[in-house]
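The values are calculated or read from the model by the stated rules, or taken from the named source; none is laboratory data. Not measured: the values here are computed from a predicted model. Neighbour counts are summed over all protein chains in view; Cβ atoms, including those assigned to glycine, are modelled from backbone coordinates with ideal geometry. All accessible areas refer to the heavy atoms of the entire protein, side chains included, with ligands and DNA or RNA removed. Shrake-Rupley method; radii C 1.70, N 1.55, O 1.52, S 1.80 Å.
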Amino acid sequence: MRWWIIGLIFLATLINFIDRLTVSILGPVIMAQLQLTNSQFGSITTWFLVAYTISQGLSGKLYDRIGSKRGFTISVLVWSIAASAHAFARGLTDLRVLRVVLGLGEAGNWPGAAKVIAEWFPIRERAFAMGIFNSGVAVGNIVAFPLVTWLQLQFGWKTTFLVTGGLGFGWLLLWLRFYDAPERHPALMKNEYALIKEGPVVVPRSVGWRQLLEYRQTWAIVLARFLTDPVWWLYITWLPVYLYSARGFNLKEIGLFGWLPYVTADAGSLLGGYLSGRLIARGWSVDRARKTLIATAAVFMLAGIPAALTADRMVALGCIACVTFGFQAWINNVQTIPSDVFPGEAVASVAGLGGVGAGLGAILFTMTTGYVVDHYSYVPIRVSAALLQILGTAILFTVGGRIRGVHEG
C-alpha cells in the first residue's frame, strides 16, 4: 500500500511543476506580448518565491498540526485555483498577485511529502521513496515542455492555463478517496504496518521552531539549501528564456529539446534514492551512505561551468543535463535527512525550515540573475551557481556532523 501512497505524492508533485512551469515555458511569448525586460520577468518568479518561502515554514507547521490528508487538500486546492486563474490575468500586476497565491499553495507539497514518507516508510526505504516523489519534479518538467508548447500553439495561453490548472482538481478526487494515515488505512495489512514501523520507537511530542533551531542539524539543512537550491531554480525559471535568447532555440525547438535536462533529473532522483537505500541495506551507516551520494552529486553539478563557457548549444544543453542529474540526486538525499534525524512529528517542520532557506537563496539568486543578464550575460551566474553548491555541501557536512537521530545523542 505504501507504494500506492507514494504514487499519489509523485502525481501531485508532477502536477505542481506543470502548473509552476507554465509561465516559464511561455516566457518568450509573455515577455514579447507584455514587453517585459529580464528583470521584470524575473520579478514574477521573485513574487512567487517570496510567498513560497513564507509558506514553506508555515505549511510544515500546518501539516504537523492537522495531518497530511487535510494539509495536502488545502495546498492543492489553493494552487489549482491560482493556476487556473492565470487565464484571466491582464498584465504584470495580475501575474504577480497570482504567482503569490500559487506559491502559497505549492510550497506545502514538500514538507507534506516529507511527512507522508516519514509516516509510511521505514528508514531504509525513505531515500528511494523520496526519489520517487522527487522524480515528479523531473517528469513534470518533461511533460510540461511539449504539453504547454502544444497547447499554446493550438489554443493560446489562456486555454493553456485552464488545462494545466485543472489537473489538481482531478488529483484531489483521488487523494480524498484513497489516502489515510497508516494507523487508520483500511487497506493496509498488518505485516506491512509492522515493516513501516520498524526502527526505534519515539514518544510523540510537540516540537516548536525555537527548539528545532537549537539543533545544528537544522541549521546545516537550512544553510545548505540556501546555497544549493538556487542551482535548480536557475534552470527551471530561466532555461526556456536562456535557450531562446542566449542559445538561439526557437519555441518549437524548446518544446523538442528543453525537456532533456529533466530526463536526467528524473534519473538522478531515482538513482540517488535507490543507491542510498541499497548501501544502507548492505550494511553502510545512514551517515556514510547519504554523504557518499551527496558528495558525488555535487561533483556532477560542476558541469554548470563548461555549460556556461562552451560555444556549442547542444554541448551546453548536455552539460546542463549533468547539472540537473546531480542536483536531484543531491536534494533527494538532503530532503531525507530530516526523517533520519528528527522524530516524525517534527519532520515536516524541519523540511519546511529547509524550504525557507532554499526559498531565500532562490529569491536572491533570481533577482541577481535578472540584473546580471540585463547588464552582462548568463556566464557569471552559471559559474557562480556551480561554485555555491560546493560551499553548500561543505556546510552540510561540517555544521551538521554525523547523520543520526537526535535521540541517539
Would you mind getting me the FRET efficiency between E183 and I66? Use the beta-carbon distance for r and R0 = 22 Å, nearest 0.05. 0.90
Coarse-grained scattering of the range 257-409 at q = 0.14, 0.20 Å⁻¹, given as base-10 log I(q)/I(0) from a Debye sum over alpha-carbon atoms: -0.76, -1.33
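Would you mind putting 112-121, 360-369, 169-178 in packing order, based on average other-beta-carbon counts within 10 Å, highest first? Walk me through the intermediate numbers first.
Numbers: 112-121: 26.1, 360-369: 20.8, 169-178: 13.1.
In decreasing order of mean packing, 112-121, 360-369, 169-178 become 112-121, 360-369, 169-178.
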Do me a favour and compute the ellipsoid semi-axes for the range 9-117 from its Cα gyration tensor, root of five times each eigenvalue, largest one first, whole Å. 27, 13, 11
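If each DSSP helix of 4+ residues adds -39,500 (n - 2.57) and the sum is divided by the residues in the chain, what number results at 222 nm, nearest 500 deg cm²/dmol?
Value at 222 nm, helices only: -27500 deg cm²/dmol.
Evaluate E = 1/(1 + (r/R0)^6) for R282 and R404, where r is the Cβ-Cβ distance and R0 equals 25 Å; express this FRET efficiency to the nearest 0.05. Each step should come with its number before you reach the end.
Working: r = 18 Å, r/R0 = 0.73.
After rounding to 0.05, the efficiency reads 0.85.
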Length added when fully stretched, E253-V315, from 0.36 nm per residue minus Cα-Cα: 20.8 nm
Put K158, K190 in order of accessible area, largest first, probe 1.4 Å, and you get K190, K158
Ordering W219, W209, W330 by how much accessible area each has at a 1.4 Å probe, largest first, what is the list? W219, W209, W330
Net lengthening on full extension, L387/W209 (0.36 nm per residue, minus Cα-Cα): 61.0 nm
Whole angstrom only: what separates the Cα centroid of the range 326-345 from the Cα centroid of the range 1-19? 17
What accessible surface, in Å², does a 1.4 Å probe find on Y274, ignoring ligands, DNA and RNA and rounding to the nearest 10? 110
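Determine the per residue accessible area of the chain with all protein chains present and a 1.4 angstrom probe, expressed in square angstrom. Mind showing how you got there, number by number?
Details: 15990 Å² over 409 residues.
Ligands and nucleic acids excluded, the figure is 39 Å² per residue.
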Starting from the residue with the highest accessible area, list E214, E345, E183 in decreasing order, probe 1.4 Å. E214, E183, E345
Rounded if a/c is under 1.5, else prolate if a/b beats b/c, else oblate: with a ≥ b ≥ c from the C-alpha gyration tensor eigenvalues square-rooted, which is the range 93-206? prolate
Simple spin-label model, 7 Å along Cα-to-Cβ: Q35 to E198 in nm? 6.5
Extension gain F169-T368, at 0.36 nm per residue separation less the Cα-Cα distance, in nm? 68.1 nm
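For the pair F88 and I54, what calculated FRET efficiency results from E = 1/(1 + (r/R0)^6), where r is the Cβ-Cβ distance and R0 = 35 Å, to the nearest 0.05?
Values: r = 24 Å, r/R0 = 0.70.
Computed FRET efficiency for I54 and F88: 0.90.
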Straight distance only, please: which lysines reach the Cα of K69 with their own Cα at less than 21 Å, same-chain residues fewer than 8 apart left out? K61, K115, K197
The Kirkwood hydrodynamic radius of the range 177-272, taken as the inverse of the mean 1/r over all distinct Cα pairs, in Å, comes to 18.6
